[in-house]
Amino acid sequence: MKTKNNKMIATAVVIILLIIAIIISLVFVFNNRHSAKAYNNKLEEAQKYVSKLDYKKAEAAYLAAIKVSPKKAKAYLGIADVYMSDGKEEKAISILEQGYKNVDSKKDKQEIWNKKNDIKKNHGVINNGGD
């Protein structure tokens, strides 16, 4: 009788743990989707302000994107361009150094490293592909 009760309790515990694991997984997936959408929205907002040459608002949008997803490189690279367009070379280098520390991807780290070195090498002159 005790063995049967112990088996039932053990089964119930396993079922409860599985349900908890599923709930945690669903919350994690939902949060990741929400974060990705918020990040992309902030990047789009920042680009809108850059196109209007409103660097103050672009900076705020990029910083908000970094706050949402500090491990992604695009916002660091974008805000560095904003700082360079606004003549703030040291701020650009500083934010790129922060990004280099925060991003996980080796490819992203390399892109940030290259941009930082380009800024230092060119002493603040950025080339966005134009003449």
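General observations
- Taking the C-alpha atoms only, the angle from helix 106-122 to the longest principal axis of the chain is near 20 degrees.
- Area accessible to solvent at residue 19, 1.4 Å probe radius, in Å²: 90 Å²
- Distance histogram for the chain (every C-alpha pair counted, 5 angstrom bins, percent rounded to whole numbers): 2, 11, 15, 16, 15, 9, 6, 4, 4, 4, 4, 3, 3, 2, 1, 1, 0, 0
- Acute angle (nearest 10 degrees) that the helix 2-51 long axis makes with the longest principal axis of the chain, alpha-carbon atoms: 10 degrees
- In the context of the full set of protein chains, the chain has a per residue accessible area of 72 Å² (1.4 Å probe).
- Protein heavy-atom surface of the chain, 1.4 angstrom probe: 59% of the accessible area is carbon and sulfur, with nucleic acids and ligands not counted.
- Accessible area, probe 1.4 Å, largest first, for residues 69, 51, 35: 51, 35, 69
- Extension gain, residue 40 to residue 10, is 6.3 nm, computed as 0.36 nm per intervening residue step minus the present C-alpha separation.
- Degrees separating the helix 74-85 axis from the principal Cα axis of the chain, which is the longest one: 20 degrees
- Electrostatic dipole magnitude of the chain [Cβ: Lys, Arg +1; Asp, Glu -1; Cα centre; debye, to 20]: 840 debye
The values are calculated or read from the model by the stated rules, or taken from the named source; none is laboratory data. Please read these numbers as outputs of a predicted model, since none were measured by experiment. Methodologically, a virtual Cβ is constructed for each residue, glycine included, from the backbone with ideal geometry; neighbour enumeration extends over all protein chains shown. We work out accessible area using only protein heavy atoms, side chains counted, and drop any ligands, DNA or RNA first. Shrake-Rupley method; radii C 1.70, N 1.55, O 1.52, S 1.80 Å.
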